[in-house]
Amino acid sequence: MKELLIISAFGLMVVLHSGCYYDVEEELYPTIDCLTDNISYENDILPILIDDCFSCHNVAANFGNITLEGYDELIKYVNDGSFLGAVRHDGGFSPMPKGKPKILECEIEKISAWIDDGALDN
Ligand code: HEC
């Protein structure tokens, strides 16, 4: 009887402890919402290009004869659909960034929202 009590007390501790563990994990890794309202070329799109694309597509590198540096250059690839197609890895487009994993889903959503809002030079 005494053993049984000890075992069930131990079992309860494990259950309580794991409950505690999950609570902490939720606090450490909250679900971050992807904000896609009022996306700006300057503040949202340009930083993505600088981080993931300009190593190959700035004026100096110009890989594939494509530069995405400057709004007037980028808008060409917005208008022919290849900017979004390439980052989404859609069929018919060369998947970008070349040789690397897709950019973050939230970054793709921001690009898509910016284009839907008219791809403004804002
Ligand atoms: C490591 C170099 C490299 C990086 C980084 C890179 N690209 Fe490219 N990109 C290329 C090359 C080379 C081509 C020419 C086509 C090919 O070889 O696939 C190209 C082609 C493209 C095209 C034309 C695709 C088509 O199917 O017409 C677009 C649009 C493009 N890149 C956008 C981007 C964007 C946006 C990023 C950043 C998210 C990016 N690239 C990152 C090397 C790169």
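No lab work stands behind these numbers, since they all come straight from the coordinates. The structure displayed is predicted, hence computed values, not measured ones. Virtual Cβ from ideal backbone geometry, glycine too; neighbours counted across all protein chains shown.
A few remarks follow.
- Taken over region 93-115, residues that are β-branched (Val, Ile, Thr), under 12 Å from the mean Cα position of the chain (by Cα) and more than 6 Å from the ligand (Cβ to nearest atom) amount to 2.
- In region 38-75, the residues that are free of Cβ contacts under 8 Å to residues at least 24 places away in the same chain, of a type outside the set (Gly, Ala, Ser) and within 9 Å of the ligand (Cβ to nearest atom): Asp51, Phe54, His57, Asn65, Ile66, Leu68
- First in region 96-122 and surrounded by fewer than 17 Cβ atoms within 10 Å (Cβ to Cβ), second anywhere and aromatic (Phe, Trp, Tyr), Cβ under 7 Å, 6 or more apart: Leu120/Tyr41; Asp121/Tyr41; Asp121/Tyr71; Asn122/Tyr41
- Residue list for region 69-83, restricted to those being out of contact with any Asp or Glu (no Cβ under 9 Å at 6 or more places or on another chain) and at negative phi: Glu69, Glu73, Leu74, Lys76, Tyr77, Val78, Asn79, Asp80, Ser82, Phe83
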